[in-house]
Amino acid sequence: MRKSLLIVSLVLGLAAIAAAQNGTVLLNAAGATFPYPIYSKWFDVYHTAHPNVQINYQSIGSGGGIRQLQAGTVDFGASDGPMTDEQLGQSKFKILHFPTVLGAVVPTYNIVGVSGELNFTQKALAGIYLGTITKWDDPEIAKANAGVKLPNADIVVVHRSDGSGTTYIWTDFLAKVSEDWKKKVGNAATSVNWPAGLGGKGNEGVTGLVKQTPNSIGYIELIYAVQNNIPYGKVQNAAGNFVKADLAGVTAAAAADAKNIPEDFRVSITNAPGPKVYPISSFTWLLIPAQIQDAAKREAIKDFLKWMLVEGQKYNEGLTYAQLPKEVIARETKAISLIQ
Amino acid sequence: MSAAATTIAHEVPPQAGPRAFLRRLRGGDEIAHLITLTFAALILLITSMLVYELWANSHLSRAKFGWMFFWTRVWDPNFDNFGAAPFIYGTLVTSAVALCLAVPLGLASAIFLSELAPRKVSDVISFLIDLLAAVPSVIYGLLGIFIVVPVMRTTIGPALIHTLGNVPYIGALFHGPNYGVGFLTAGIVLAIMVVPFIISVSREVLLTVPREQREAALAMGATRWESTWKVVVPWARTGIMGSVFLALARALGETMAVTMVIGNAPTIAASLLSPGDTIASTIASQFTEATGDLYLSSLIELGLVLFLITFILNGLARILIVATGRGGGRPA
């Protein structure tokens with residue numbers, strides 16, 4: 001018993017010494033699930049190029065990422081929504097936001113007898129999700145879809161049942177375009193008190209319910225829709241144009257607002273101005289402590305951020321994430337020096 | 001506990017060396033006593049620590065909502081207003097539906113397998129049933145979403161609305177829009193999940209009923225069915241009840257399978273076809289992204305409520321067993 005303990009501790013000790021001698025930097029991170037595919041790709045490629053840096057990322061959700069970062073159990077976090085002033089106030093140390101990639105949310109639907117692409121006005125989407133527009137042939141939907149024969153059927157609204165960055169982006173958009181939504185349901189949040197509809201778990205749950213339920217509408221991530229060939233509708237942007245979501249339109253949304261992005265990068269880019277902008281887009285962020293005591297970890301994180309902004313962005317489109325616009329990359333590169 | 005301590009102190013010689021220790025080890029009794037006692041105490045410790053953690057971490061929510069938490073029908077993370085009523089309702093309704101379907105089915109299967117089927121057939125079938133009990137719940141959820149939900153929406157739901165829906169009183173259970181997802185669908189999927197537990201445990205218990213009991217009944221002129229229903233089943237009653245509570249516990253705490261087929265809308269509606277939500281499915285869905293402190297605290301209080309429900313139901317079950325213990329069968 002004692003002998004085996006001794007052996008175990010010896011082995012562990014040796015392993016620790018070996019790790020220290022190699023100068024391996026182990027970084028632990030946790031947070032958002034939406035950017036997980038691109039993050040794991042980045043961390044893997046970065047590790048191949050820099051064998052002495054290993055980053056473990058747990059995609060436990062934005063809320064968990066923020067809490068673990070505040071508790072100091074991870075070296076950095078990741079979130080689909082920027083931290084609120086209240087959350088930043090609760091933290092014992094300063095936290096910096098670094099946008100990494102862009103994502104978008106699209107409406108998907110299943111209407112009996114309608115196979116074409118539908119246009120959704122901002123009012124229509126808000127009304128449907130508020131439960132004030134209940135029929136598919138409602139004038140607010142019909143006027144944007146001349147020539148499409150919409151049935152006089154009840155709309156079955158589908159939303160996410162789990163807390164999610166996707167819901168955050170979707171409700172952020174609805175709260176911006178509809179006063180009623182803001183009053184009744186509130187601002188952007190990872191989960192809200194839905195006035196109408198059914199809940200599905202995850203993108204796959206929402207897609208499954210929409211596919212199975214006649215005359216239903218749901219919202220899913222663009223990346224999920226593209227990868228699984230799920231048809232989705234066009235959404236009216238701030239300029240009044242109906243735009244079908246694609247990666248260029250999402251990057252355009254970020255570029256359009258680049259001048260208005262605040263110093264700390266905590267910004268919502270839903271309903272951004274510009275004729276080509278897709279209006280339901282958002283950044284996702286890495287959350288990095290402004291002060292990192294461990295010099296090796298600090299340098300590793302800074303170097304990774306620099307790499308992510310240049311090399312890393314090249315991997316985005318292969319995984320259907322939109323690239324950051326040039327203006328944002330330039331500003332982020334400057335902001336890296338704030339990490340001390 | 002003190003009795004154990006005195007026994008051991010008693011046996012230990014004043015100069016207890018390694019040799020004395022070894023001798024007692026060979027004897028085994030005290031050691032076994034000590035080890036089993038420790039493990040039994042460990043269960044108590046784990047349970048009390050669980051309750052303590054749930055209690056302590058739900059502090060914020062308890063302080064803000066108090067008893068209102070049980071009646072409030074709103075779950076609004078955006079405006080920090082939380083109530084458990086729809087989830088408590090959903091948990092109780094889906095579990096009740098599941099038991100209503102699973103108990104007759106499970107008990108009948110168990111009786112057939114233990115009393116009527118040839119031993120070889122019985123062994124093969126119960127092997128398969130044990131396999132069913134080991135299937136992960138997400139598989140049942142997929143089964144639910146791809147098979148049960150469409151059938152509910154296109155066939156069973158409309159059929160129920162047009163038949164039972166017109167019967168006075170019962171009709172309230174089967175009306176309104178039928179999405180395919182809801183309390184009834186969740187109950188059906190839960191029933192499929194828990195039925196293997198009932199069959200497997202009940203069969204084992206029925207098989208332990210002594211042969212003499214059956215022979216005596218037959219000798220008294222009872223038919224085979226009479227001997228089964230009036231002698232064998234009452235004898236095994238406690239064990240059968242045990243299997244039902246095991247099934248109930250699984251139904252109450254199920255997350256994945258339920259969340260995939262219940263519709264996840266926190267509503268309280270009489271209609272079984274209406275979408276709803278349960279405590280366990282809500283915790284599983286929302287815990288990871290719960291950013292606010294009060295939000296998290298309320299989710300933990302939901303866990304506490306689920307623990308309380310399980311505790312109360314188990315207590316009632318014990319009382320039921322004791323109360324019905326005087327109707328013949330094995331002396332408890």
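The values are calculated or read from the model by the stated rules, or taken from the named source; none is laboratory data. In this text the structure is predicted, and so the values were computed from the model without any measurement. Neighbour counts are summed over all protein chains in view; Cβ atoms, including those assigned to glycine, are modelled from backbone coordinates with ideal geometry.
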Exercise. Any chance region B:225-234 includes a residue that's farther than 21 Å from B:Leu107 by Cα and free of Cβ contacts under 8 Å to residues at least 24 places away in the same chain?
Worked result: no
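Going through region B:62-83 one residue at a time, which ones are touching a Lys or Arg at 6+ places or on another chain (Cβ under 9 Å) and acidic (Asp, Glu)?
Within region B:62-83, just B:Asp80 meets the criteria.
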Seminar exercise, completed: Taking first residues from region A:32-50 that are assigned by TED's automatic domain parsing to the domain that holds A:Thr167 and second residues anywhere that are modelled with pLDDT of 90 or more, the pairs with Cβ under 7 Å that are 6 or more apart or on different chains are none
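So that you can scan it fast, the table gives a plain yes or no per residue for (1) of a type in the set (Asp, Glu); (2) without any contact (Cβ under 8 Å) to a residue 24 or more places away in the chain; (3) under 28 Å from A:Ser161 (Cα atoms); (4) not assigned by TED's automatic domain parsing to the domain that holds A:Tyr168:
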residue	(1), (2), (3), (4)
A:Val210	no, no, yes, no
A:Glu221	yes, no, yes, no
A:Pro231	no, no, yes, no
A:Asp257	yes, yes, no, yes
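Going through A:Ala254, A:Ala296, A:Ala290 one at a time, which residue ends up being touching a helix residue (DSSP H, G or I) at 6+ places or on another chain (Cβ under 8 Å), at pLDDT 90 or above and of a type outside the set (D, E, K, R)?
A:Ala290
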Exercise. Could you count how many residues in region B:242-265 are within 14 Å of the chain's Cα centre (by Cα), outside any helix (DSSP H, G or I) and β-branched (Val, Ile, Thr)?
Worked result: 1
Exercise. What single numbered condition from (1) touching a residue at least 40 places away in the same chain (Cβ under 8 Å); (2) in the same structural domain as A:Tyr46 (by TED's automatic domain parsing) fails to hold for A:Asp294?
Worked result: (1)
For this session: Taking the residues in region B:250-264 that are of a type in the set (A, V, I, L, M) and crowded, with 24+ Cβ neighbours inside 10 Å as candidates, determine which candidate is nearest to the other protein chains (Cβ to nearest Cβ).
Result: B:Met260
Exercise. Restricting to region A:274-294, what's the tally of residues that are in a loop (DSSP other than H, G, I, E, B) and in contact with a Ser or Thr (Cβ under 9 Å, 6 or more places away or on another chain)?
Worked result: 2
For this session: With respect to B:Arg24, determine if the residue is in a helix (DSSP H, G or I), charged (D, E, K, R), out of contact with any helix residue (DSSP H, G or I) (no Cβ under 9 Å at 6 or more places or on another chain) and at pLDDT 55 or above.
Result: no
Exercise. Which one is nearest to the chain's Cα centre (by Cα) among residues in region B:137-154 that are more than 11 Å from chain A (Cβ to nearest Cβ), within 13 Å of B:Glu254 (Cβ to Cβ) and touching a residue at least 40 places away in the same chain (Cβ under 8 Å)?
Worked result: B:Ser137
Exercise. Which of (1) assigned to a helix (DSSP H, G or I); (2) under 30 Å from B:Leu306 (Cβ atoms); (3) in contact (Cβ under 8 Å) with a residue 60 or more places away in the chain is the odd one out, the single condition B:Ala284 does not satisfy?
Worked result: (3)
Problem set entry | Selection within region B:175-188 - more than 12 Å from chain A (Cβ to nearest Cβ) and closer than 16 Å to B:Thr94 by Cβ | B:Phe183, B:Leu184, B:Ala186, B:Gly187, B:Ile188
For this session: Test each condition in (1) modelled with pLDDT of 90 or more; (2) part of a loop (DSSP other than H, G, I, E, B) for B:Leu99 and report the one that comes out false.
Result: (2)
Exercise. Taking region A:287-297, which residues are of a type in the set (D, E, K, R) and under 19 Å from A:Gly31 (Cα atoms)?
Worked result: A:Lys297
For this session: With the condition kept exactly as written, say whether any residue in region B:155-166 is within 19 Å of the chain's Cα centre (by Cα) and either assigned to a helix (DSSP H, G or I) or within 13 Å of chain A (Cβ to nearest Cβ) (or both).
Result: no
Exercise. Just to be sure, is B:Gly157 surrounded by 15 or more Cβ atoms within 10 Å (Cβ to Cβ) and touching a His at 6+ places or on another chain (Cβ under 9 Å)?
Worked result: no
Exercise. Within region A:201-243, restricting attention to residues that are at the interface with chain B (Cβ under 9 Å from one of its Cβ atoms) and of a type outside the set (Gly, Ala, Ser), which residue is surrounded by the most Cβ atoms within 10 Å (Cβ to Cβ)?
Worked result: A:Leu209
Exercise. Do you know which of the residues in region A:157-200 that are among the β-branched types (Val, Ile, Thr), within 7 Å of chain B (Cβ to nearest Cβ) and buried (at least 24 other Cβ atoms within 10 Å of the Cβ) is farthest from B:Pro275 (Cα to Cα)?
Worked result: A:Thr190
Exercise. Just for region B:196-221: of the residues that are of a type in the set (A, V, I, L, M) and buried (at least 24 other Cβ atoms within 10 Å of the Cβ), which one is nearest to B:Ala102 (Cα to Cα)?
Worked result: B:Ile198
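Among the residues that make up region B:273-282, is at least one of them farther than 30 Å from A:Ala32 by Cβ, within 14 Å of chain A (Cβ to nearest Cβ) and in contact with a Phe, Trp or Tyr (Cβ under 8 Å, 6 or more places away or on another chain)?
yes
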Problem set entry | Filtered residues of region A:51-95 (kept if assigned to a loop (DSSP other than H, G, I, E, B), within 14 Å of another protein chain (Cβ to nearest Cβ) and touching a residue at least 24 places away in the same chain (Cβ under 8 Å)) | A:Ser59, A:Ile60, A:Gly61, A:Asp80, A:Gly81, A:Pro82, A:Met83
For this session: Keeping to region B:287-320, report how many residues are without any contact (Cβ under 8 Å) to a residue 24 or more places away in the chain, surrounded by fewer than 23 Cβ atoms within 10 Å (Cβ to Cβ) and not in a helix (DSSP H, G or I).
Result: 2
Exercise. Which members of region A:145-161 meet the condition of being in contact with a helix residue (DSSP H, G or I) (Cβ under 7 Å, 6 or more places away or on another chain) and either part of a loop (DSSP other than H, G, I, E, B) or farther than 27 Å from B:Phe87 by Cα (or both)?
Worked result: A:Leu150, A:Ile155, A:Ser161
